[in-house]
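Shown next, in structure tokens, is the structure this report addresses.
Computed from the coordinates by the stated procedures, all read-outs in this text should not be read as laboratory data. From a predicted model like this one, the values you see are computed outputs, not experimental measurements. All Cβ positions, even for glycine, are placed from backbone atoms using ideal geometry, and neighbour counts span all protein chains on display.
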Amino acid sequence: SQQGEEDPQALSIQEGENATMNCSYKTSINNLQWYRQNSGRGLVHLILIRSNEREKHSGRLRVTLDTSKKSSSLLITASRAADTASYFCATPRNRDDKIIFGKGTRLHILP
Amino acid sequence: DGGITQSPKYLFRKEGQNVTLSCEQNLNHDAMYWYRQDPGQGLRLIYYSQIVNDFQKGDIAEGYSVSREKKESFPLTVTSAQKNPTAFYLCASSLQGAIPGANVLTFGAGSRLTVL
């Protein structure tokens, strides 16, 4: 079963705008991760935020975590064409600590 | 460069045939994983292995088999018992243990299997 669910399923924005994707999860977690997947390729780890952190930055990426609402958001600032990809949130499953992925948000940056 | 190599990148199979997908890593990671990805779906865990000569079923193990004879290698066999094998298969690896961030996954480039 899915642990995390991303929203929206698809997002198209103009180059230079900011893109925000959200992730909701069901059970308590010790960390939440975001990954990117270019079409037809493997996933690449972007950022990990621990349950005791509320916000984390990495370059143009900003991740927030609200454990009371069981939700996280990924903000990509000043988007570029190369940001076109699918973005997944992932959380360790409680019973065996295995990483479980949501269905992803497909981001399309328009020139 | 360290990484994970999956082969073949594309594979075509006739119904009733078994096929084996290769996954090799030189990251010295303890754990290795196989995921399946279908269009519009997230990744679903097929099998995982935390140490050599040991592996566990994931959420969708039926019709698949694995082995872990070497730390570097975790091949996946898609058997004829798998009813709908056409999919994109992703191999991943990670460190193990209680180290924060240890369960961050490194992925291969994937293998796309098509059943004719």
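Below, the figures for the structure above:
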item: Span per principal axis, largest first, for the Cα atoms of the protein assembly as shown (Å); result: 48, 41, 35
item: Under the Debye formula (equal points on every Cα, no solvent term), log10 I(q)/I(0) of the range B:36-80 at q = 0.16, 0.23, 0.30 Å⁻¹; result: -0.45, -0.82, -1.11
item: Point-charge dipole on Cβ atoms (K/R +1, D/E -1) for chain B, about Cα centre, debye to 20; result: 320
item: Set of the range A:4-40 residues, backbone N closer than 11 Å to the point 7 Å along the Cα-Cβ line of A:LEU110; result: A:12-15
item: Value of relative contact order over chain B, rounded to a whole percent, pairs C-alpha under 8 Å and six or more apart; result: 34
item: Dmax and Rg, reported as Rg then Dmax, of chain A (C-alpha, Å); result: 13.3, 44
item: Estimated translational D of chain B in µm²/s (Stokes, Kirkwood radius over Cα pairs; 25 °C; 0.890 mPa s); result: 173
item: Distance violations [Cα-Cα > 21 Å] among B:LYS14/B:LYS57; B:LYS14/B:LYS83; A:LYS26/A:LYS69; A:LYS103/B:LYS71; A:LYS103/B:LYS70; A:LYS103/B:LYS9; result: B:LYS14/B:LYS57; A:LYS103/B:LYS71; A:LYS103/B:LYS70; A:LYS103/B:LYS9
item: Sites excluded, trypsin sites (Lys or Arg not before Pro) in DSSP loops with at most 11 other C-beta within 10 Å, longest stretch of chain B; result: B:15-82
